[in-house]
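Encoded as structure tokens, the structure appears first; notes follow it.
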Amino acid sequence: MKGLHLLFRPTTFPAKKTFAPPPPPPPSQNLTETHFISLIHSSKTTKHLRQVHAQILRRNLLSSSHLTTQLISASSLLKSADYSLSVFKHFPLKNLHTFNALIRGLAENSRFQTSISHFILMLRSSVRPDRLTYPFVLKSVANLCLGCLGMAVHCLVVRSGVEFNTFVRVSLVDMYVKVEELRLAMKVFDESPERNKCESILLWNVLINGCCKVGDLGKAVELFEGMPERNSGSWNSLINGFMGNGDWKRAVELFEQIPEKNVVSWTTMVSGLCRNGEEEKALLMFFRMLDEGVRANDLTIVSALSASAKIGALEAGLRIHNYISSNGIRLNSAIGTALVDMYAKCGNIEAASLVFGETREKNLLTWTAMIWGYAIHGKVEQALQYFKQMMYSGIKPDGIVFLAILTACSHSGQVDMGLNFLDSMTLDYSLDPTMKHYTLIVDMLGRAGRLDEALKFIHRMTITPDFVIWGALFCACRAHKNIEMAELASQRLLQLEPKHPGSYIFLSNIYAAAGRWEDVERVRTMMQSRSIKKDPAWSYMEADGQVHSFLAGDHAHKHAKEIYLKLEEIVAGAREQGYMPGTEWVLHNIEEEEKEDALGGHSEKLALAFGLIQTAPRTTIRIVKNLRVCGDCHSLMKYASKMSQREIVLRDIKRFHHFKDGVCSCGDYW
DNA sequence: ATAGGGTTAG
């Protein structure tokens, strides 16, 4: 077209110009305008931008909408949505371009609400939106999940005549996917002309993503296979779909077939495997990615660190930390938080605290990770001190950080302080306590032996008590040998979950502890007649970097003979002193021996012996140099809080316990 | 004629 235009340019009548010369724009102003535009583009900080802004105001160049637009988009690029808003307010000229730049900038800085309100302002000011306005308005609508507004904007799109623009079309389909109107998304897709479909792979990708979201993987695969062309986004969307629906094996298969894997592909795998409880595979994937020379970004690193944290893989965590430092990756709030969390959950609270100090941008999540770390390590004073500091630095607490604080109180037996925090949470911060908060309170009262108060608390609760909370009360009753209340609690448990093996185990345990063997038998028969089975209790042990696993009572381990000998020795010792040889007793004995010969070569065997008799399944004991006990089961927790100065390594309970609705099949709760 | 654009990881 341009060529044609040149060809037909009337070159024979230049004289006409002399009669009506268009007022030549003052060259000086033109120069300054381009000068400022390049200044704006080279601005690296908002401060710099402010200076340029001031100069522009001084030269009275307010009428240049081009400059306004550039300023707005530059400041939103620097992630300062507030500044772009103030620029917008101060320049009097608001046209299509300034509006577009503003709406775009706000949407890209997650200020969706404001973005939409400026779109409405735009309509009110009779500035007609164009094909470049809609993608961002639709993005904001999608992120706020405003389906009705989305349809209204769709109408405007049609009225503006940009309905068939490829970008607008992709945004429409994506919006309908995000507001969960897959039917409408499909409709827009199906009504798209072939030209659009061939031009844009994204139109397909977005729809595949939508099908995956609603779990229609068949349709997703069908679309994927029917595409005229695929890019890595198509693969990633489908893989993510399989990950989201629990089929990580299929996801891995697909991943291996991707012709060109990018960082997103790898990150999808790392985080997807981690979400599906395959943390070891997630870590292997991460390190394989590094081996293949792909550079990890923030998201990849955060996913890998969270995988390490979940399984307590300290060595892997250290390698990732090393990668961060040696590749000059900035310790921003996301990475800092993930590192703090990893170190805390892997038992290295000192390292967690060190990283916390190095992380300059601390947000609520960073503080929460640190406070949680102290709470689970039994370091109450620090947890409380950091909580105060957090408030001091002007960060508002949320329900989660209160969970951490309540945990800290609970582990240190500071019951009244815990109750005060619960009050403060509702009264000072108007946060609604959840079942988890209530559970911690009941647990806390129960540990302190204040069982009547715990029961009263349950009755006074504003939400209906669930299985977990009665489980907490039950454990407390068991610990304090209050059989009547324990019976009451386990009756409620049976009512709430008649099919859950834990309900029966609870009841049978309490009878066993009281020596009421007929009642134990009765419960066991009840279980059998209702064909309820408890999963076999697996135990895992990491000793000197090697993981050992057993079922209770099995002899498959290569050191089984020695282990059982040691075990008998311990058990005999226990009987002599009149103890029931239970978990805690063995732990206590291990500790005693540690004092004598620092455990020397015995540590591994002792740990293994412990694993064979312990009743809590799927708990990991890590023995590295000094004895470290790790576990989330109640009995272990109780032990842990008794010896709060000892380093307690906690691992993600979901990994090692067989879970159903927050209750472990071993009968413990969380 | 004119400034600038869509997706997938959490």
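Read-outs: derived from the displayed coordinates by stated rules, not from any lab. Keep in mind that this is a model prediction, so the values were computed, not measured. Ideal geometry is used to build each Cβ from the backbone, glycine not excepted, and the neighbour counts take in all protein chains shown.
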Self-check item: Unsatisfied cross-links (Cα-Cα over 25 Å) in the set A:K213/A:K249; A:K187/A:K219; A:K47/A:K388; A:K213/A:K362; A:K139/A:K197; A:K94/A:K396
Solution: A:K47/A:K388; A:K213/A:K362; A:K94/A:K396
Quiz item: Among A:469-479, A:493-503, how do they line up from the highest to the lowest mean number of other beta-carbon atoms within 10 Å?
Solution: A:469-479, A:493-503
Quiz item: Ranked highest first by the average count of other Cβ atoms within 10 Å around their residues, in what order do A:296-307, A:456-467 fall?
Solution: A:296-307, A:456-467
Quiz item: Rounded, prolate or oblate: which fits region A:46-126, taking a ≥ b ≥ c as square roots of the Cα gyration tensor eigenvalues, rounded meaning a/c under 1.5, else prolate when a/b beats b/c?
Solution: oblate
Practice problem: Figure the gain on full extension for A:R159 and A:R124 (residue separation times 0.36 nm, minus the Cα-Cα span) and round it to one decimal in nm. | Solution: 11.0 nm
Practice problem: Positive end of the charge dipole of region A:363-492 (Lys, Arg +1 and Asp, Glu -1 on Cβ, about the Cα centre): tell me which of A:I376, A:A448, A:P465 has its Cα farthest that way. | Solution: A:I376
Quiz item: Given labels modelled 7 Å from the Cα in the Cβ direction, how far is it in nm from A:D428 to A:Q51?
Solution: 4.3 nm
Self-check item: Efficiency of FRET from Cβ geometry, A:E518 and A:S333, R₀ 56 Å, rounded to 0.05
Solution: 0.40
